[in-house]
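Colleague: The following block contains the structure, expressed as structure tokens.
The values are calculated or read from the model by the stated rules, or taken from the named source; none is laboratory data. Note that the structure is a prediction, hence the values are computed from the model and not measured. Cβ placement follows ideal geometry from the backbone for every residue including glycine, while neighbour counts extend to all protein chains displayed. Heavy atoms of the whole protein, side chains included, go into the accessibility calculation; ligands, DNA and RNA do not. Shrake-Rupley method; radii C 1.70, N 1.55, O 1.52, S 1.80 Å.
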Amino acid sequence: MTKHHDPSQTAAAGEESHVVAFLRRNPGFFDEHSDLLEELKLTHGAGRAVSLIERQVGVLRDKNHLLRKQLSDLIAVARENDKLHANLHGLTLHLMQARTMSEVVTALQNYLLEQFPGELSSMVLLTPPIPPETLELPSASNIQLLSGHDPELAHFAVLFENNRPICGRMKSAQLNLLFGKAADTVLSAALIPLRIDSSETAAPAGIIAVGSRDTQRFHASMGTVFVHYMGQLVSRAMQRCLSSW
């Protein structure tokens, strides 16, 4: 069946476009014709008709609520970053005072306890480049020494190649090496590489690991700036201690 074109619809559409174009060109039109604002009606979300002014107030109120929420989120992030900066500054001062590898490790352990309370943490140090005799570790320590030629390190090849922290779900082989009997309880983790760079050597020196029982605590899309800085600070402190050993 052939549809007949309604000229009135075309005319109405043309008039509407002209009105829209006119208002765009004259945004102050209603300043001179404010009485029209009370006459114009818009359908509210609740189904009732409201004036244009009421509708604008409602839109502005919603925008204001959204902006307040965004501002609140930004303030929370800023406060958290301030806390991270303060803790990292404290770690930096302790590492500057450290004269031995054991003091470096102790400073790091204290930092991890303060920064990640309730989480699991561990540290793997590689020999070489770190001589075992430079460390005095307690028997119950969550730090282990591992040969730099150990085949298990193949599971961390990407970590060492990129020399950047990795966050998210880790492989079972990685968790078993880092957390031992507690590996099954770790649902997400952050791995931070350590590296010794000097004139004699440039090689992976170890791994700092923080594990969580929360699957969302560490995820692949989270920022890693602070933990990357932490890894760099510890690496430099270790390198300094080895140079003076």
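Colleague: If you scan the range 151-162, which residues turn out to be open to solvent by less than 60 Å² (accessible area, probe 1.4 Å), closer than 22 Å to V225 by Cα and of a type outside the set (F, W, Y)? Can you show your working first?
Modeller: Of the range 151-162, the ones open to solvent by less than 60 Å² (accessible area, probe 1.4 Å) are 153, 156-157, 159-160.
Applying the additional criterion that residues be closer than 22 Å to V225 by Cα yields 156-157, 159-160.
Listed by number, the residues that qualify are A157, L159.
Colleague: Evaluate the following for D82: is it over 23 Å from S188 (Cβ atoms) and of a type outside the set (S, T, N, Q)? Break it down into steps so the answer makes sense when it comes.
Modeller: Working: over 23 Å from S188 (Cβ atoms): yes; of a type outside the set (S, T, N, Q): yes.
Spelling it out, D82 is indeed over 23 Å from S188 (Cβ atoms) and of a type outside the set (S, T, N, Q).
Colleague: Quick one: how many residues across the range 183-206 are more than 21 Å from the chain's Cα centre (by Cα), open to solvent by less than 30 Å² (accessible area, probe 1.4 Å) and over 25 Å from S244 (Cβ atoms)?
Modeller: Here the count works out to 1.
Residue by residue, here is whether (1) touching a residue at least 60 places away in the same chain (Cβ under 8 Å); (2) assigned to a loop (DSSP other than H, G, I, E, B); (3) among the hydroxyl-bearing types (S, T, Y) holds:
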| site | (1), (2), (3) |
| --- | --- |
| L145 | no, no, no |
| E152 | no, no, no |
| K181 | no, no, no |
| A189 | no, no, no |
| I192 | no, no, no |
| T215 | no, yes, yes |
| H219 | no, yes, no |
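Colleague: Given the criterion surrounded by fewer than 18 Cβ atoms within 10 Å (Cβ to Cβ) and of a type in the set (G, A, S), identify the matching residue among A76, A98. I'd like the intermediate steps shown before the answer.
Modeller: Values: A98 fails: surrounded by fewer than 18 Cβ atoms within 10 Å (Cβ to Cβ).
When all the criteria are applied, what remains is A76.
Colleague: Can you tell me which residues in the range 219-238 are of a type in the set (A, V, I, L, M, F, W, C) and closer than 14 Å to N162 by Cβ? Let's see the steps before the verdict.
Modeller: Taking the range 219-238 and keeping what is of a type in the set (A, V, I, L, M, F, W, C), we get 220, 222, 225-227, 230, 233-234, 237-238.
Matches in the range 219-238: A220, V227.
Colleague: Please state which of the following conditions G118 fails to meet, knowing it meets all the rest: (1) outside any helix (DSSP H, G or I); (2) at pLDDT 90 or above.
Modeller: (2)
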